[in-house]
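Colleague: The structure's right below; bear with me while I get my questions together.
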Amino acid sequence: MAKRTRTWGTISKTKNGVYRIRYPLSDDPITGKRRQASETIHGTKKDAELRLAELRILNAPLDQIKRNISVDQFWIRYYYPHIKKNQAPATVRGYESVYRCHISPQFGKKEMENIQVAEVKSYLEELTYGSAKSLLKTMRAMFNYAEDGEYIHRNVMARRYKLPNKNTSRRMNSEIYDKETLDELLEEMTDEYWLAGFIVSAFGGLRREEAFGLKREDIEFFEGYATLKIRRTVQYINKELVISDECEESPDTKTPESKRIAVLVDPYAQRLRNILSEAERENDIWMLDDGFGAPINPDRAASAYKRWFTNHPFVYIPWKNLRASYSTMLEDLGVPIETAAKLLGHSNISTTYAYYTKPKVKHFKAILDKAFSCDRDETENVTNS
């Protein structure tokens, strides 16, 4: 008869679809009776498993943790609480993103003192310049904190490491950009007058005509994200401004909720907010306003966008392909096709998805937040901390 492995804690699924985890606590110091606690997880079974593993580390005896401490153990028990207490929330989110997407999958189970220089160098070679820079900054801060607290006596991050060439960013092909390249482009772009349009196209999936058709009143900022109400398109045809309110209700749409809403998550929403705040003029109506109450010419902006590449080490793709890049990026990040169809305004997935289901903005935001948090350019939050 096979010996049954004893596990720490249990996971069960309730009738309403959420997961409940139960785990042991230390015995009651007075009665000596065993104690346990429970926690409800609103997420997937994988989320519940990760939380149970985290709780096991948090509840392990201190002397057991300090012996041969792993990267995950140190992060959960010591370093994450430390930065959460001493760093700004935006900086903490940056570190957390780097840790979850790069450090934990690669080094999490390894003992901190047993990680070799060659392992770090090899992994850095797989990353782009931006991701590698964020990884080094986060790991170096974490390992230095461990060394200062005498949790480790050998610090693999004490030496210098070479970053990948900044001019050899990874690209999927010449037709679309991958997410890492888009993040690197955004990092390089500073005060371009068309930058707000680039952000909503590359990270919100808007067509160029939709981006330039946004008014300031169509954009609403919340904690961690922004919503973009797409109500019109803007084009210049034969040098004449043509505004098409094609996104308004029609006889085919049953409810006001049928209008398309795009969701932009941080750090992209915050970057857009900063741009609009800095460029705000008293009479501005449009997100991309020419200063005289009219939207900027999308064709002229697209030409300026193209010229930008002549002085920067990136492969140029047309503005119209930013939307295709966004669509592919959603697929690569595991965003469900139904959600992607809504965010992109596609009507060919099904009639239900196109016309009858009310867009759930917070649901979209939660999905995008989780997807974009991996390889979200930790540069804004980590590099500048």
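Since every read-out is calculated from the coordinates, none of them should be taken as a lab result. Given the structure is predicted, the values throughout are model-derived calculations rather than measurements. Cβ sites come from the backbone with ideal geometry, for glycine too, and all protein chains shown count toward neighbours.
Colleague: Output the peptides 42-51, 198-207, 321-330, 220-229 sorted from most to least packed, where packing is the average of other Cβ atoms within 10 Å over each peptide's residues.
Modeller: Descending mean neighbour count gives 198-207, 321-330, 220-229, 42-51.
Colleague: I would also like to ask the following. Which order do the peptides 288-296, 210-218 come out in when sorted by mean C-beta neighbours inside 10 angstrom, highest first?
Modeller: In descending order of packing, they fall as 210-218, 288-296.
Colleague: With θ set to phi - 60°, apply the Karplus curve 6.51 cos²θ - 1.76 cosθ + 1.60 along the stretch 213-226 and write out the HN-Hα couplings as whole Hz, x wherever there is a Gly or Pro.
Modeller: Running phi through 6.51 cos²θ - 1.76 cosθ + 1.60 with θ = phi - 60° gives x, 6, 9, 4, 5, 7, 10, 10, 9, 10, 5, x, 6, 9 Hz.
Colleague: Further question: Under the Karplus relation 6.51 cos²θ - 1.76 cosθ + 1.60, θ = phi - 60°, what is the ordered set of whole-Hz ³J(HN,Hα) values for the stretch 76-87, x standing for Gly and Pro?
Modeller: 5, 7, 10, 6, 4, x, 5, 6, 5, 7, 10, 10
Colleague: Roughly how many nanometres apart are two label points built 7 Å out from the Cα toward the Cβ at residue 191 and residue 15?
Modeller: Going from the residue 191 label point to the residue 15 one covers 6.4 nm.
Colleague: Could you give the length gained on full extension between residue 311 and residue 163, defined as 0.36 nm per residue of separation minus the Cα-Cα distance, in nm?
Modeller: Extra length available between residue 311 and residue 163 comes to 51.0 nm.
Colleague: Amide H to amide H under 5 Å from residue 222: which residues, 5+ apart in sequence or cross-chain, H placed 1.01 Å off N in plane?
Modeller: 227
Colleague: Another question, if that's okay. What does the highest-first list of 15-25, 70-80, 99-109, 147-157 look like by mean Cβ count within 10 Å?
Modeller: 70-80, 99-109, 147-157, 15-25
Colleague: Across the stretch 9-20, in residue order, what do the Karplus-derived ³J(HN,Hα) couplings come to in whole Hz, using 6.51 cos²θ - 1.76 cosθ + 1.60 with θ = phi - 60° and x for Gly and Pro?
Modeller: x, 9, 10, 9, 9, 7, 5, 8, x, 8, 9, 10
Colleague: Check residue 215: other-chain or 5+ apart residues with amide H under 5 Å from its amide H, H built from backbone geometry?
Modeller: 287
Colleague: Sticking with this structure for a sec: Treating only the Cβ atoms of Lys and Arg (+1) and Asp and Glu (-1) as charged, compute the dipole magnitude of the stretch 89-168 about its Cα centre; round to the nearest 20 debye.
Modeller: Roughly 360 debye for the stretch 89-168.
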